[in-house]
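Visitor: The following block contains the structure, expressed as structure tokens.
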4 protein chains.
Amino acid sequence: MLAAMCRFVAYLGEPITLDSLLLRPANSLVHQSFDAKEFRLRVNGDGFGVAWYVAGYEGSPVRVRTVPPAWNNQNLRSLPPAMRSDCILAHVRAASPGLPVVETNCHPFMHERFAFCHNGGIGDFARARRALLRDLPDAIYDGIEGTTDSELLFAIFLDEWEGRREGDPGDAMAAALVATIKRTVAVAKGEPSYLNLCVTDGERVACTRYSNDPTGAMATLYYHEGRRYVCEGDSCHMVDPGSGATTAIVASEPLSEDAGWEAVPANHVGLIREDRTASAWAIE
Amino acid sequence: MLAAMCRFVAYLGEPITLDSLLLRPANSLVHQSFDAKEFRLRVNGDGFGVAWYVAGYEGSPVRVRTVPPAWNNQNLRSLPPAMRSDCILAHVRAASPGLPVVETNCHPFMHERFAFCHNGGIGDFARARRALLRDLPDAIYDGIEGTTDSELLFAIFLDEWEGRREGDPGDAMAAALVATIKRTVAVAKGEPSYLNLCVTDGERVACTRYSNDPTGAMATLYYHEGRRYVCEGDSCHMVDPGSGATTAIVASEPLSEDAGWEAVPANHVGLIREDRTASAWAIE
Amino acid sequence: MLAAMCRFVAYLGEPITLDSLLLRPANSLVHQSFDAKEFRLRVNGDGFGVAWYVAGYEGSPVRVRTVPPAWNNQNLRSLPPAMRSDCILAHVRAASPGLPVVETNCHPFMHERFAFCHNGGIGDFARARRALLRDLPDAIYDGIEGTTDSELLFAIFLDEWEGRREGDPGDAMAAALVATIKRTVAVAKGEPSYLNLCVTDGERVACTRYSNDPTGAMATLYYHEGRRYVCEGDSCHMVDPGSGATTAIVASEPLSEDAGWEAVPANHVGLIREDRTASAWAIE
Amino acid sequence: MLAAMCRFVAYLGEPITLDSLLLRPANSLVHQSFDAKEFRLRVNGDGFGVAWYVAGYEGSPVRVRTVPPAWNNQNLRSLPPAMRSDCILAHVRAASPGLPVVETNCHPFMHERFAFCHNGGIGDFARARRALLRDLPDAIYDGIEGTTDSELLFAIFLDEWEGRREGDPGDAMAAALVATIKRTVAVAKGEPSYLNLCVTDGERVACTRYSNDPTGAMATLYYHEGRRYVCEGDSCHMVDPGSGATTAIVASEPLSEDAGWEAVPANHVGLIREDRTASAWAIE
């Protein structure tokens, strides 16, 4: 059974305001926080977070996280329409039972230029946790602030990425995500894991849709590309969806009803490169 | 259309632990906070509050209110199993659009020995609010801490009760609730009002189920009485439901699947007296 | 006695990052939140808020407010270094006794292009409140979200500004602040009022330093101008302080130990115009 | 230098209401949260928690923890006067730099019948943390919910207590506290550790006052015993202080100005047994 649900959205493309993802689409991320469509239990009210990259700023992305649900957060009325970015990662959380609902457990997690989030859960996490932590180098271990499986997955990603940082950044990010999955499921046996992961460095986005559930159960993930994503009033759509894309969205659920949202195939990793070319391949 | 949804439960009877209402029943109040049954929009995640009367303590009931949703509140793991009371009022909030989600807007509202909560909304509240406030005496006006229609209804109740405090307390409470409704709908015209109200002084409980929606739409309200309400594991039921009651529950939804939950008729006020006799009559 | 303390800072000038006011100066606003210098009770831990104007964005300033103290807010680590603005208003709150510590009571308050904050208190507010509210037009009255004297002062300001909006905006803002003070103290008699007010529309800043305390007690207020305010590491100073200013700061306490911070005289109003010329005159 | 400050109070004796420790004494714990006397940095505004044992309830003590400062918490107005207990442990937190201010990091920590809190810090915690965690058995390791040195000290205590649970419970608790200190400082070298610890099982209280700072710097700790601790209005004192005690208080600072508060000697452990006899001895 899928333990933690969560919903996320990643954006890479022409600069847009945050509300074009968070608030204005009919099925915006904040709408999903209280009425997600593709899941039996529709509430994702255990925390909200958004990270966005600021043009000309070399530091980490800006992140705002809050424990109270996104749908009534007053700070989320003035920030999103005014903030504009070409790379955004946002997440609403439905906590796995037993994992505390505190700010440090809210996604996205960040390290230097990376922002990361997760939808799903590590199988039998209580048992696997310590072994997975044991294999981390001190520098990464010490950066863990909270107690979720999701942040631990990010720590493993950072460790896997270290060994790949010489290569092409996009390829390294995608390969490190896949390695994170393999390292995790090699330890977390017994119950299935659901590992929809997403990472960005502000110029590329890599995401996975994965589970090892023998029933094939798996969280959804969608991809949408085109020239740009625009909202007129509360109606949003991708302009010129499809080929020659300069803008890409990856999301747990389609945000809007326009054509072109495509399901990411099961057990695949997808990569959007700095030139906005996208590709996906099976996780072996 | 029903604006604010909320769910509440009132208890008067043999002392029980708070978790027997909040956590253990299959459809406990906390369960209703993320999966209410009788409403299209099932989330009541904009605040939680419980007030209970402590044996031998003459002050106001004890109240704990929190803005983050009830379902993951860690304080709600240790308090409810240990706290025992013969009179309890608890509420989960779904905020009306535009009303801030802050602690002072969480129910129950309290004054001296009274605790009060509300499920519904005053029609066209933004317009009616100022006129309703204008009629309040200073002492009651100044006690208002938040900005909800619900707390304003409590203020009107306190004003109506002042003029009735000489009579039988239960009758006065029920009459003041009815007067609150009449005074409110006389000012709030245009849109319908939904006024499921509940007040207790620790010895009696009075509740209304009311709307002036021409379509007849109205929030639900249920009554259940018997010898005592018991939970074995997570299965709860009323012992000897029906006549000769020493325990009564009024709730927006049945908490458990045992027989005996009866719908309060539309536009009625109900009163449970200090001797646990109950009666209900139509609001003219 | 000064009831509520609070600390604020207003900035108008060359674009700077928010951390240049909030975090980096030796006596930054966040530092003042736990160790204010100019007040006996040094804690301002009852809420934090910052509003800043985003270049090219025509809407209200962006505002982030939080109830937990500023000094440990994790969101305040990533936002301030990345956000850059030419007009910023920030505030840390020390709540007056009895006024709830909730997000809607945190400063700055906003309406359209205005942001407003207050340090001090209306004398005998509990008694004066209702009369002051009574004189407000509906449109302004209905915009009040919280319960503080500070937000009520902002509402009075908006009312006073309405009648002056035809004139020069800076003059109108300053005159409306003075009128707000006069209207307030005409009603709030008995105890002294402390009314250090500050308002900006993103292009001008007007502030008052005022009390009618017969002992002369009054909260502090400082003015600092120059070419630009720069931080190197944690050492901040105004470049070319004094004449020919293109940058101005008004603050409850000097943020840094550089020369040029001047105390605003008692019972004065100050105005920084869109061309950065500044003037101050006595409140009659 | 003492890193984290915090303040705590432990009570064992005649049942009293929580406000007799938290609110009513002139230097109550809540007063210490914004104006602690015995420390340079006087604010303890990074979280509050209280645990108390309920007569006749066999489960864990009831615990209420909150992140916003204690001094303005509205829930802390109605709970403390109504809740009565013969064993209470309460704490206000001043977070060590870098340790997140989230609910799971608030004291007291609990396990079964134990409640535990800490004032001070493990020297060079970032470096020592992983080694200290490594030595814990899985069952105890997995119970850790937050990320503080304080909760880790509690985990070590639980581990040390396991091996001593056959003996006298009070002696075992005191011995396990001492063993916790020794095990900690054997790993945490370099910077000094400050380990004022306090644990109770509802019937006994054991506390330490310890540091290995070569300068002798050490947080304060006081002991007060007598017949009972009473408050009349806001004036509190111990009745018949001294011999024949039925009531004992251990606190970071004296709560009231009555005679009889005695400083616990440096590097000592103290134990109050179930019959209220108290003793203290040096930590070798």
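The values are calculated or read from the model by the stated rules, or taken from the named source; none is laboratory data. Predicted model, so just to flag it, every value in this text is computed and none were measured. Heads up, the Cβs are rebuilt from the backbone with ideal geometry, glycines too, and the neighbour counts pull from every protein chain shown. Areas reflect the complete protein model, heavy atoms only, side chains present, ligands, DNA and RNA absent. Shrake-Rupley method; radii C 1.70, N 1.55, O 1.52, S 1.80 Å.
Visitor: Out of the residues in the stretch B:182-210 that are in contact with a Gly (Cβ under 9 Å, 6 or more places away or on another chain) and of a type in the set (A, V, I, L, M, F, W, C), state the one that is nearest to residue B:121 (Cα to Cα).
Guide: B:195
Visitor: Further question: Just checking, does the stretch B:104-119 include any residue being among the aliphatic types (A, V, I, L, M), more than 18 Å from residue B:184 (Cβ to Cβ) and more than 20 Å from the chain's Cα centre (by Cα)?
Guide: no
Visitor: Those residues that are of a type in the set (A, V, I, L, M, F, W, C) and touching a residue at least 24 places away in the same chain (Cβ under 8 Å), I need them from the stretch A:126-160; list them, please.
Guide: Selection gives A:126, A:128, A:131, A:132, A:152, A:153, A:154, A:156, A:157, A:158.
Visitor: Looking for whichever is buried (at least 24 other Cβ atoms within 10 Å of the Cβ) and either more than 9 Å from every other protein chain (Cβ to nearest Cβ) or charged (D, E, K, R) (or both) here; the options are A:125, A:116. Which one fits?
Guide: Checking each option against the conditions leaves just A:116.
Visitor: Residue A:270: of a type outside the set (Lys, Arg), open to solvent by less than 40 Å² (accessible area, probe 1.4 Å), touching a residue at least 24 places away in the same chain (Cβ under 8 Å) and part of a loop (DSSP other than H, G, I, E, B), yes or no?
Guide: Spelling it out, it is not the case that residue A:270 is of a type outside the set (Lys, Arg), open to solvent by less than 40 Å² (accessible area, probe 1.4 Å), touching a residue at least 24 places away in the same chain (Cβ under 8 Å) and part of a loop (DSSP other than H, G, I, E, B).
Visitor: Restricting attention to the stretch A:102-113, report how many residues are open to solvent by 10 Å² or more (accessible area, probe 1.4 Å) and in a strand (DSSP E or B).
Guide: Going through the stretch A:102-113 one residue at a time, the tally reaches 2.
Quick grid of which residues meet (1) assigned to a loop (DSSP other than H, G, I, E, B); (2) closer than 19 Å to residue C:183 by Cα; (3) touching a Cys at 6+ places or on another chain (Cβ under 6 Å):
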{"position": "C:115", "(1), (2), (3)": "no, no, no"}
{"position": "C:128", "(1), (2), (3)": "no, yes, no"}
{"position": "C:132", "(1), (2), (3)": "no, yes, no"}
{"position": "C:164", "(1), (2), (3)": "yes, yes, no"}
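Visitor: Right, another one. Spot the failing condition for residue A:172; the list is (1) under 25 Å from residue D:130 (Cα atoms); (2) free of Cβ contacts under 8 Å to residues at least 12 places away in the same chain; (3) assigned to a helix (DSSP H, G or I); (4) touching an Asp or Glu at 6+ places or on another chain (Cβ under 9 Å), and only one is missed.
Guide: Every listed condition holds for residue A:172 apart from (1).
Visitor: When the stretch A:84-101 is examined, which residues are found to be part of a strand (DSSP E or B) and of a type outside the set (Asp, Glu)?
Guide: A:84, A:85, A:87, A:88, A:89, A:90, A:91, A:92
Visitor: Also, quick follow-up: Check the stretch A:54-69 and report whether any residue there is among the polar types (S, T, N, Q), at pLDDT 85 or above and in a helix (DSSP H, G or I).
Guide: No: the stretch A:54-69 contains no residue that is among the polar types (S, T, N, Q), at pLDDT 85 or above and in a helix (DSSP H, G or I).
Visitor: Taking residue D:179, is it part of a helix (DSSP H, G or I) and closer than 22 Å to residue A:126 by Cβ?
Guide: Judged against the criteria, residue D:179 is not a match.
Visitor: Okay, moving on. Answer yes or no as to whether residue A:140 is crowded, with 24+ Cβ neighbours inside 10 Å and either facing another protein chain (nearest Cβ under 10 Å) or over 15 Å from the mean Cα position of the chain (by Cα) (or both).
Guide: For residue A:140, the condition - crowded, with 24+ Cβ neighbours inside 10 Å and either facing another protein chain (nearest Cβ under 10 Å) or over 15 Å from the mean Cα position of the chain (by Cα) (or both) - is not met.
Visitor: Count, please, the residues in the stretch B:214-241 that happen to be of a type in the set (D, E, K, R) and touching a residue at least 40 places away in the same chain (Cβ under 8 Å).
Guide: 4
Visitor: Does the stretch A:72-83 hold any residues that are outside any helix (DSSP H, G or I) and either surrounded by fewer than 19 Cβ atoms within 10 Å (Cβ to Cβ) or within 14 Å of chain B (Cβ to nearest Cβ) (or both), and which are they?
Guide: Residues satisfying the conditions are A:73, A:74.
Visitor: Here's a follow-up. Name the pairs whose Cβ atoms lie under 7 Å apart, with the first residue in the stretch D:44-63 and within 10 Å of chain B (Cβ to nearest Cβ), the second of a type in the set (D, E, K, R) and part of a loop (DSSP other than H, G, I, E, B), and 6 or more positions between them or separate chains?
Guide: Every condition considered, the pairs that remain are D:60/D:112; D:60/D:113.
Visitor: Take the residues in the stretch B:231-263 that are among the β-branched types (Val, Ile, Thr) and over 13 Å from residue B:174 (Cβ atoms), then tell me which one is surrounded by the most Cβ atoms within 10 Å (Cβ to Cβ).
Guide: B:249
Visitor: Something else: Filter the stretch C:8-19 for residues that are more than 14 Å from every other protein chain (Cβ to nearest Cβ) and either surrounded by fewer than 24 Cβ atoms within 10 Å (Cβ to Cβ) or at pLDDT below 95 (or both) and give the result.
Guide: Of everything in the stretch C:8-19, those that are more than 14 Å from every other protein chain (Cβ to nearest Cβ) and either surrounded by fewer than 24 Cβ atoms within 10 Å (Cβ to Cβ) or at pLDDT below 95 (or both) turn out to be C:13, C:14.
Visitor: Also, quick follow-up: Is there a residue in the stretch A:86-99 that is under 27 Å from residue B:101 (Cα atoms), open to solvent by 20 Å² or more (accessible area, probe 1.4 Å), within 14 Å of chain D (Cβ to nearest Cβ) and touching an Asp or Glu at 6+ places or on another chain (Cβ under 8 Å)?
Guide: yes
Visitor: Spot the failing condition for residue A:69; the list is (1) under 21 Å from the mean Cα position of the chain (by Cα); (2) under 30 Å from residue C:113 (Cβ atoms); (3) open to solvent by 30 Å² or more (accessible area, probe 1.4 Å), and only one is missed.
Guide: With (1) under 21 Å from the mean Cα position of the chain (by Cα); (2) under 30 Å from residue C:113 (Cβ atoms); (3) open to solvent by 30 Å² or more (accessible area, probe 1.4 Å) applied to residue A:69, the lone miss is (3).
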